[in-house]
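The values are calculated or read from the model by the stated rules, or taken from the named source; none is laboratory data. Since we're looking at a predicted model, the values are computed, not measured. Here Cβ is always computed from backbone atoms with ideal geometry, including for glycine, and neighbour counts include all displayed protein chains. With ligands, DNA and RNA removed, areas are computed over all heavy atoms of the protein, side chains included. Shrake-Rupley method; radii C 1.70, N 1.55, O 1.52, S 1.80 Å.
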Amino acid sequence: MYKHTARYLFLLSCLFITGNLYAQSVTGLNKNAQKQVDDKTKEYEIGGISVTGVKYLDQDLLIAVTGLNIGQKVRLPNDENIAKAIRNLWKQELFSNVSISVSKTIGDKVFLNIAVEERPRLSRYLFKGIKGGEAKELKEKLGLIKGKVVTDATKKEAEVRIRKYYMDKGFGRLTVVAKEKPDTSAVNSVVLIFYINKGVKTHINQINFSGNEHVEGAKLKHAMKGTKEMARISLFPADKVSVYEPNTHSFGNYVHDWGFLSLSKTLSALNPYLRMNIFSSSKFNPQKYDEDKQSIAAYYNTLGYRDASVLKDTVYNVENGNLNIDIKVKEGHRYYFGDVKWRGNTKYTDSTLSQILNIRRGDIYNQELLEKRIGKQLSPEGGLDVSSLYMDDGYLFFNIDPVEMSVIGDTINFEMRVTEGPQATIKDINISGNDRTNEHVIRRELHTLPGTKFSRQDLIRSQREIATLGFIDQEKIGIQPKPHPEDGTVDIDYSVVEKPSDQLSLSAGFGGGINFYGNIGVIFNNFSIRNIFKPQFWKPLPVGDGEKFSINYASNGAYYNSLNVAFTEPWFGGHRPNSLTTNLLYSKYSGAAVGTDPNSSYLSVFGGGIAMSKRVKWPDDYFIITYGLYYNNYKLHNYSLISDFTDGYSNNLYAKLVIARSSLDRPLYPLGGSNISLTMQFTPPFSAFSGKDYSGEAPADKYKWIEYHKYRFTADWYKRIVGNLVLRLNTKYGILGYYNKDIGYSPFERFQLGGDGLSGYSFIIGKDVISQRGYDIYIQDATIFNKYTAELRYPFSLSPTATIYGLIFADAANAWETFGDYNPFRLNRDAGVGVRVFLPMFGMLGLDYGIGFDKYDQAAGITGIKGLAKFTFMLGFEPE
C-alpha cells in the first residue's frame with residue numbers, strides 16, 4: 001500500500017511540474033503574438049472622408065455625426081474612434097447597414113469611406129379591413145408623414161394608436177398587423193399596409209363582486225366610472241355564471257331583510273334582470289378598467305377601510321359573446337380618526353386649525369377627506385381648508401404633513417406637522433398664448449399684481465375674470481406659480497388659448513305677401529377702434545383691445561325696418577375698469593295690411609343713449625354699478641297702441657341705474673355662483689313742472705313727454721350637484737309706476753309675457769319681453785309681473801367651438817295690468833325639456849319643448865299633450 005501511495009505522489013508531482021512549464025510556455029507565446037500585432041498597428045492621419053450609399057441625407061451632416069475629422073490621428077486597424085463613429089451612426093435609426101473602410105493610404109495619411117444603407121422612407125400608407133370613414137379618422141390620429149423613415153418603432157407606435165382608437169370604441173378583440181411593401185414608383189420607398197381585424201364589439205354583460213361583506217356590489221359598481229354593465233331586460237339572471245363565488249338571489253331573504261324598504265337593495269336585487277342604463281357605455285376598455293380597480297380601493301378608503309384592495313380579478317367571455325368581470329376584494333377592518341395634534345404652527349392657534357380641519361375623534365377614517373381639509377394640492381377650485389387659510393395670506397411656502405403617530409386597535413392618531421415659511425411677494429407676471437389679444441387687456445383683469453402678497457384666492461379670481469372676457473377658452477386657462485425660496489418671491493405664469501368670439505347673424509326669405517324679409521347682424525367681442533386705420537392689426541378686422549362693437553339690421557320689406565348699433569369700451573380711460581357704452585337705434589313698423597300702403601299706419605322710434613359702468617369694492621368687489629342717460633322719440637301715425645292714442649309724438653327721456661353683483665365662475669356654462677341685479681329707471685315728473693290739469697287732456701298731450709318710474713329685479717343662482725350636473729334657480733320681478741294719476745301708466749315700457757321672447761317685431765317696441773315656455777303671448781300691456789324658473793342642466797360638450805347642454809325645466813309666471821289685480825300665488829305653470837348649442841359665429845341656439853299646464857281648457861278644446869305642449873326656438877341669445 002505504501003508503494004502505491006508513493007507512486008501516486010510521484011505522478012502528481014510530475015503532472016504539476018509539466019503543467020507549470022506549459023503555462024509559462026503559453027504566456028510566452030501570447031506576449032509574442034501581442035508584440036506581432038502591435039508591430040502591425042500603425043498610426044495614420046485622416047486625409048479625407050467620403051460617403052457612399054446616401055440618397056436623402058446630407059453627407060456633411062452625416063460625417064459630423066460620426067465625430068471623425070480630417071487631420072485626426074487614428075491607429076489602424078482597430079481604433080476606438082472609428083468604432084464609436086459606427087455606434088453614433090446606428091443611434092440615428094436611419095440606416096439598415098453601416099460600415100467604415102479604408103479606401104486608400106498615401107504615406108501616413110489614410111482615406112476613409114463611410115458606406116451606409118438607408119432605411120426605406122414612407123411613400124404612403126393604407127388600411128385594410130375597415131371603412132373609409134374610420135380610415136380618415138385614423139390618418140388624423142397616426143401622424144405618419146410622407147418621406148419619414150420607416151423603423152420598427154414607427155410601425156409599433158402606429159399599431160398602438162390604432163389599437164387604442166378601436167379599444168375606446170369597444171373592440172376588445174382587435175388584431176393589427178403592419179407590413180411593408182416596396183414602392184416601385186419611388187427610390188428606396190415603401191408602402192405601409194395596416195391589416196386590421198376589428199372583431200365584434202365587446203360589451204360588459206355582468207360585473208360580479210365577492211368578498212364584499214360590508215359594501216353592496218351596486219355601490220362598488222357606481223364607483224367604477226369607466227366600466228359599466230350593458231342594459232338588460234330578462235327573466236334569467238345575468239350573474240348565473242361566476243368564477244370566484246356563485247351569486248344566489250333569494251326572494252325570501254330580500255323580504256326577510258326588508259329590502260323593499262331600501263331603494264339600493266331593491267335596485268341591487270333587480271340588477272341581474274333589469275338594467276335601464278341605456279345612456280351608459282358598456283364597452284370594455286382595459287385602460288379604464290385598470291383605473292376603476294383603483295377607484296374601488298379609493299371608495300373603500302372613504303368608508304374607513306384603508307387596507308381594502310382588489311385581491312384578484314378576471315375577465316372572460318360568456319355565451320352571448322360579451323364579457324363578464326369577476327372581482328374579488330379584501331375589505332379589511334374599518335378605521336377611525338383618533339387624536340389630532342398640531343406642531344409648528346405660530347400664525348394660527350391649534351383650535352383655529354382644528355375648527356377648519358373639522359375632523360373629530362371617532363369620525364370614520366377617510367384619507368380623501370383628510371387631504372381635502374388640509375388642502376395639500378393648490379387647486380383653482382378653492383375652498384375652505386388649512387392650506388388656503390395660509391396661502392390666501394401670502395404663505396406660498398407653507399407645507400403641512402399629516403403623520404400617523406400610532407394605530408391603537410381601529411383608531412389612528414395623527415400629528416399635523418406645519419411648516420409655515422415666509423410670506424411670498426409676487427415678482428413677475430408672465431402671459432402667453434394671446435396671439436390676437438393685446439397683453440394689457442388680459443393683464444388689467446388680473447388680481448395678482450407685482451409687489452403684492454401672494455394669495456391663492458387672487459389666482460382663482462383672476463382665472464374667473466379672464467374667462468368672463470368671452471374670447472378666451474375658459475377650459476384652457478393655465479396658472480403656474482413659480483416660487484423663489486431664496487428671496488421669498490414668486491413669479492406667476494398665465495397661459496391662455498384664444499377662441500372665436502365674433503358672432504354673425506344672417507337670414508333671408510321670400511313670401512307671405514311681403515316679398516322679402518331678412519336679418520343681418522354681427523358682433524365683434526374683441527374689437528379695437530384705435531387700430532381701424534392700421535391695416536397690420538386687421539385679422540380680418542381690427543382686434544385685440546377687448547372692445548365690443550355690434551350692428552344689426554332687420555327688414556320685412558317696407559313693412560318693418562330696424563337698425564341697432566352699439567359700442568362698448570370696457571376700460572374707458574385705460575386706468576380703471578369703468579366701461580363706456582353707447583348705442584343708436586331706429587325702428588319702423590307698419591300696422592297696415594299687407595298689400596296696402598305701408599305708410600298709412602306705422603309706429604317708429606329713433607333714439608340712443610350713453611352709460612357708464614363702474615366696479616366697486618363694497619360690499620365686495622363683485623359689484624358693478626351702471627348709470628346712464630337715454631332718449632327715445634316715438635312717432636305714431638294712425639297706429640293704435642293703447643286706448644285712443646293713435647297719432648302724435650312721444651318723448652322718452654330717462655335715467656337708468658343698475659346695481660348688479662355677478663360671481664359666476666364662467667360665462668357660457670356656469671358651474672357655480674350667482675348673478676343678481678336691481679334696475680331702476682326714472683323719467684322726470686314732467687307734469688309736475690307744467691302746472692296743467694291732465695284729467696281732461698288728449699292722449700297726444702298726456703304722452704308727449706312720457707313719465708314713469710320702473711323697477712326690475714333678477715336673480716340667477718347656480719349650484720353644481722354632482723360632476724357637471726348643475727341646478728339653476730332664477731327669479732324675475734318687474735313693476736311700472738306713475739307720478740300723476742290723471743296721466744296714469746305710460747303706454748310704453750310695459751311688460752309682455754309669454755311666447756318665445758324673440759324681440760325685433762313692432763308690436764313689442766317699447767316693451768320688456770318676458771318669455772314663457774309652453775305658452776303663446778297671453779298679456780301684452782302688463783305693469784307688474786313675476787317669473788320663477790328651475791332648471792337641471794347637463795353638458796354634452798364644453799368645447800369652445802361648440803358648447804352643448806341639455807336641460808329639464810319648470811317655470812311659473814304671470815303678469816297683471818294693474819297693481820290692484822296682482823296675486824303672487826296665481827301663476828301659470830309649465831315644465832319640459834330643452835337643448836342649447838352655443839356656436840361662436842352664431843351665438844346661442846336652442847330648442848325647448850314645454851307643456852303649459854294652466855292652458856287646459858276643455859271648453860276651448862285645449863286638452864291632452866298636443867293642446868298643452870309647444871315648441872319654442874331661440875336664436876342668438878337666451879330670452880328673459
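At a probe size of 1.4 Å, how large is the accessible area of LYS539, to the nearest 10 Å²?
Only protein atoms counted, so the area is about 90 Å².
How much solvent-accessible surface does GLU707 expose, in Å² to the nearest 10, with a 1.4 Å probe and all protein chains in place?
Counting only protein heavy atoms, the figure is 10 Å².
Label ALA64 and GLU45 with points 7 Å out from Cα along Cα→Cβ: what is the distance between them in nm?
That separation, rounded to one decimal, is 2.5 nm.
How charged is the neighbourhood of TYR711? Take every other residue with its Cβ under 12 Å from the Cβ of TYR711, and add Lys/Arg as +1 and Asp/Glu as -1.
Charge balance in the 12 Å sphere: +2.
Taking only protein heavy atoms and a 1.4 Å probe, what accessible area per residue, in Å², does the chain have with all protein chains in place?
Heavy-atom accessible area per residue stands at 54 Å².
Which order do SER579, SER185 take when ranked by solvent-accessible area (1.4 Å probe, heavy atoms of all protein chains), largest first?
Output order, biggest surface exposure first: SER185, SER579.
How tilted is helix 80-91 with respect to the longest principal axis of the chain? Cα atoms for both, answer in degrees (0 to 90, nearest 10).
Between the helix axis and the principal axis of the chain, the angle is about 40 degrees.
Summarise the long-distance tail of P(r) for segment 449-504 by giving the % of C-alpha pairs beyond 14 Å.
Here the long-distance tail beyond 14 Å is 59 percent of all Cα pairs in segment 449-504.
Would you mind getting me the FRET efficiency between LEU584 and ALA655? Use the beta-carbon distance for r and R0 = 25 Å, nearest 0.05.
0.85
Give me a comma-separated list of calculated 3J(HN,Hα) values for segment 395-406, in order, Karplus coefficients 6.51, -1.76, 1.60 applied at θ = phi - 60°, integers in Hz, x for any Gly or Pro.
Once θ is set to phi - 60°, the couplings for segment 395-406 become 7, 5, 8, 5, 8, 9, 10, x, 10, 6, 7, 6 Hz.
Please name whichever of LEU384, THR489, ASN638 sits farthest to the positive end of the charge dipole of the chain, dipole taken about the Cα centre and charges placed at Cβ: Lys and Arg +1, Asp and Glu -1.
THR489
Would you compute, for the Cα atoms of segment 705-828, the largest minus smallest coordinate along each principal axis and list the three values in descending order, in whole Å?
57, 31, 24
Plugging the Kirkwood radius over Cα pairs into Stokes-Einstein for segment 639-760, at a temperature of 25 °C and a viscosity of 0.890 mPa s, what D comes out in µm²/s?
The diffusion coefficient I find is 141 µm²/s.
Can you tell me the dipole magnitude for the chain around its Cα centre, using point charges on the Cβ only (Lys, Arg +1; Asp, Glu -1), in Debye to the nearest 20?
Dipole about the Cα centre, nearest 20: 2780 debye.
Could you state how much accessible area PHE819 has, in square angstrom rounded to the nearest 10, with a 1.4 Å probe and all protein chains kept in place?
120
What percentages make up the Cα-Cα pair-distance distribution of segment 421-485 when the bins are 10 Å wide from 0?
Once binned at 10 Å, the Cα pair distances of segment 421-485 give 19, 54, 23, 4, 0.
Relative to the compact globular guide of 2.2 N^0.38 Å, what is the alpha carbon radius of gyration of segment 558-654, as a ratio?
Relative to the rule-of-thumb radius for its length, segment 558-654 sits at 1.51.
Have a look at segment 328-376 and give its Rg and Dmax from the Cα atoms, expressed in angstrom.
When restricted to the Cα atoms of segment 328-376, Rg and Dmax are 13.4, 48 Å.
With all protein chains present and a 1.4 Å probe, how do SER550, SER281 order by accessible area, largest first?
So, going from the largest accessible area down, we get SER281, SER550.
Given 20 °C and 1.002 mPa s, how large is the Stokes-Einstein diffusion coefficient of segment 539-595 in µm²/s, with Rh as the Kirkwood radius over Cα pairs?
154
Over the Cα atoms of segment 46-123, how large are the radius of gyration and the largest Cα-Cα distance (Dmax), in Å?
Cα radius of gyration and Dmax of segment 46-123 are 12.7, 47 Å respectively.
Could you check what % of the DSSP bridge pairs in the chain are antiparallel, to the nearest 5?
Approximately 85 percent, going by the DSSP bridge assignments.
Two decimals is fine: what's Rg over Rh for segment 571-712, C-alpha atoms, Kirkwood radius as Rh?
Expressed as Rg/Rh, it is 1.10.
Using unit Cβ charges (K, R positive; D, E negative) and no other charged atoms, how large, in debye to the nearest 20, is the dipole of segment 639-763 about its Cα centre?
It works out to roughly 760 debye.
Could you tell me the number of lysine pairs in segment 605-729 with C-alpha atoms less than 30 Å from each other, where the two lysines are 8 or more residues apart or belong to different chains?
Going through segment 605-729 pair by pair, I get 19.
With unit charges on the beta carbon (Lys/Arg positive, Asp/Glu negative), name the residue among GLY53, VAL191, PHE572 whose Cα is farthest towards the positive pole of the charge dipole of the chain.
Final value for the positive-end residue is GLY53.
Using +1 at the Cβ of each Lys and Arg and -1 at the Cβ of each Asp and Glu in segment 575-621, identify which of MET612, SER587, ASN599 lies farthest towards the dipole's positive end.
MET612
Please list the equivalent ellipsoid semi-axes of segment 796-856, computed as the square roots of five times the alpha-carbon gyration tensor eigenvalues, in descending order and whole angstrom.
33, 14, 8
Can you tell me the Rg and the Dmax, both Å, for the Cα atoms in segment 74-226?
25.5, 89
All other residues with a Cβ under 12 Å from the Cβ of VAL403 taken together, and with Lys, Arg as +1 and Asp, Glu as -1, what is their net charge?
0
Suppose the Debye formula is applied to equal point scatterers at every Cα of segment 293-410; what is log10 I(q)/I(0) at q = 0.11, 0.13, 0.19 Å⁻¹?
-0.51, -0.65, -1.05
Over the chain, what number does the Rg to Rh ratio reach, with both radii from the alpha-carbon atoms and Rh per Kirkwood?
1.11
To the nearest Å, what is the center-to-center distance of segment 115-187 and segment 578-635, using C-alpha atoms only?
61
Report the gain in length on full extension from TYR56 to LYS91: 0.36 nm times residue separation, minus Cα-Cα distance, nm rounded to one decimal.
Result: 10.8 nm gained on full extension.
Take GLU331, GLU216, GLU80 and sort them by solvent-accessible surface of the protein heavy atoms, 1.4 Å probe, largest at the top.
Final ranking, largest accessible area leading: GLU80, GLU216, GLU331.
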